[in-house]
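Shown next, in structure tokens, is the structure this report addresses.
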Amino acid sequence: MNQAEIDYAAVFQCLPGMVALLTPDLVYADANEEFLRNAGRTRAQVVGRYLFDVFPDNPNDDGATGMRNLAASLQRVLDTRERDTMALQRYDVEDPDQSGQWEERYWSPVNAPVLGPGGNAVLLVHRVEEVTELIKARGSPSGTRARVMEAELYTRARELQELNERLRQAHAREREVALALQEAMLPAHRQVGHHAAAVRYRPAVGALNVCGDWYDLVDLVGGNRIGVAVGDVVGHGLAAAGVMGQLRSALSAASRVAVGPAEALNVLGRYAHVVDGAESATVVTTFIDFDAHTITYSSAGHPPPVLVHADGRMKFLDQATDPPLDARPDPFPRPEARTTYDHGATLVLYTDGLVERRGEDIDTGLARLADSLRKHREEDPERLADSVLLELLPPGGATDDTALVIVRL
């Protein structure tokens, strides 16, 4: 049987376990037969209705937290686009045949996203396993011991949920620090005057919003010139971000006084030698002269920039590539190359998170980038950047950071 012959609606209804589908607004889109049977509801009572209208908290229990906990879990799934496993929950259910009569129920819920083409959650999968009988264990000879175990298990589940909440709050505070650090260290493109440019930064999945990738755009002394660079520090988190900030600032300063990009990288290499964590960092920097229509560049182990000509021709700037920073024990002059361009061309710099995939040759990723740039080359830099990221990054996010800089020449 091929995939086209599979009746996925029938498969959904026959799934072993209670499964429901929710919209991002928490309205039931569907529920399988086992969900309806165990919840004691008909399809008409569930589908098309708001989750907490169907299953509100028990108004007779002042300590009820089921609704609040479930709402928080579903919101986390929407925000992170990742699965969220909840601690054991007590969530009482009203008897559908006796208004005002509530049944003590215990559940083990798991929530997961269904991602659309743009990478956002278009549906939420809400799977629950009822464990009420296991918790209560009433009617057995070991009933007293079972009740003790019930109390212990429920207490530990509540403690786990509270601990997870504290960890999430701590992570949120660390994320705020990371965002402030990112804003301070990754400049906006307004620093390059009237030249049209776009910058993008995407952290790795599961990482803080700032990691080891960086970019820089600076006005250069003398003439209508700017310097554009991207770099990559090994590692993730605030430690890598601190090294990234030191290297970016050092290169920015060196570029303003260096005669060319190779000299700027020579200075940066000497500085990286005394910075802990700068080992194996990569960087490529370009000096653009808008009057002479030239790009001078030098690379320290970094993926090559792409020059996209207005007619669609592609040129990878790979004629001045050298080992990463601090790769040699003694300083050594970096190579430098120059190329020309016509008005309307586009220069693209990026980090390896854009083109590298596990188990795939790097040339495949570079070809994918070239195809995307050729297809969207007539778009303005902002739209071009968005198009490239949409086509090249996985819907759920990449496993490595990604920085992207696009300059219209």
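The values are calculated or read from the model by the stated rules, or taken from the named source; none is laboratory data. Quantities reported herein were computed from a predicted structural model and do not represent experimental measurements. All Cβ positions, glycine included, derive from the backbone under ideal geometry; neighbour counts span all protein chains shown. Surface accessibility is based on the protein's heavy atoms, side chains included, excluding ligands, DNA and RNA. Shrake-Rupley method; radii C 1.70, N 1.55, O 1.52, S 1.80 Å.
Brief remarks follow.
- Residues in segment 234-323 average 38 Å² of solvent-accessible surface per residue, probe 1.4 Å, ligands and nucleic acids excluded.
- Label point distance in nm, Thr23-Asp342, each placed 7 Å from Cα along Cα→Cβ: 5.1 nm
- Distance between the pseudo-spin-label points of Leu78 and Cys14 (7 Å out from Cα toward the beta carbon): 3.4 nm.
- Taking the charge dipole of segment 1-143 about its Cα centre, with +1 at Lys and Arg Cβ atoms and -1 at Asp and Glu Cβ atoms, the residue from Gly116, Ala10, Leu134 reaching farthest to the positive side is Gly116.
- Burial order of peptide ranges 313-319, 297-303, 56-62 (average beta-carbon count within 10 Å, highest first): 297-303, 313-319, 56-62
- Note on Ala196 and Phe52: the model spin-label points, each 7 Å out from Cα along the C-beta direction, lie 4.7 nm apart.
- Estimated from the Cβ-Cβ distance and a Förster radius of 41 angstrom, the FRET efficiency linking Val114 and Ala292 is about 0.20.
- Compared with the direct C-alpha span, the chain from Ala44 to Thr132 gains 29.2 nm at full extension, assuming 0.36 nm per residue.
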